[in-house]
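The values are calculated or read from the model by the stated rules, or taken from the named source; none is laboratory data. Everything quoted here is computed from the prediction, not taken from an experiment. Methodologically, a virtual Cβ is constructed for each residue, glycine included, from the backbone with ideal geometry; neighbour enumeration extends over all protein chains shown.
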Amino acid sequence: MAPDTPRWFDDAAGRVVRPYAMTGGRTRPTAEVFDLISMVVTEEDVQVDDTEEGLELGPEHQTILDLCHRAPQSVADIASDLDLPVGVVRVLLSDLLDGRMIRVTRPVPPAQLPDERILREVIHGLRAL
């Protein structure tokens, strides 16, 4: 290697192994409830520093619990705050969901929302009273 050739050190190389190590090699969450706009909140009886038997929480898990304890956060916001890929965050969230430490609220699909025509008819009916 030439003396003027730059070497890659940890900071310059970026994340190569870390996400894989964080998830224990898993690439898929155990639950498919984590849309980018799903809202995550810490369960009321969970303290941020609690650890459940058999569930080893890493620092990223603790950070997620801390973020979601203050206010509900979307999956996209959590990934942004942790500066991690969304796939990794979904696996970490599934660990917390399996441990019953978080609650996830999914958005209502537009197909399940009431039709605008029906709502207008209800309004007209109420006005007629």
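The table for this structure:
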{"item": "Qualifying residue in the range 3-17 (condition: of a type outside the set (Phe, Trp, Tyr), buried (at least 16 other Cβ atoms within 10 Å of the Cβ) and either modelled with pLDDT of 65 or more or farther than 16 Å from Asp98 by Cβ (or both))", "result": "no"}
{"item": "Selection from the range 77-117 of residues that are over 15 Å from Leu36 (Cβ atoms) and assigned to a strand (DSSP E or B)", "result": "Ile102, Arg103"}
{"item": "Test for Leu126: is it at pLDDT 80 or above and of a type outside the set (D, E, K, R)", "result": "yes"}
{"item": "Looking only at the range 44-69, and only at residues there that are of a type in the set (Asp, Glu) and assigned to a helix (DSSP H, G or I), the one that is modelled with the highest pLDDT", "result": "Asp66"}
{"item": "Residue among Pro29, Pro72 that alone is surrounded by 10 or more Cβ atoms within 10 Å (Cβ to Cβ), at pLDDT below 85, of a type outside the set (Ser, Thr, Tyr) and under 15 Å from Met101 (Cβ atoms)", "result": "Pro29"}
{"item": "In the range 84-123, residue farthest from the chain's Cα centre (by Cα) [restricted to those that are polar (S, T, N, Q) and under 19 Å from Thr42 (Cβ atoms)]", "result": "Thr105"}
{"item": "Output for the range 78-124, where each listed residue is of a type in the set (Asp, Glu), surrounded by fewer than 18 Cβ atoms within 10 Å (Cβ to Cβ) and touching a helix residue (DSSP H, G or I) at 6+ places or on another chain (Cβ under 8 Å)", "result": "Asp81"}
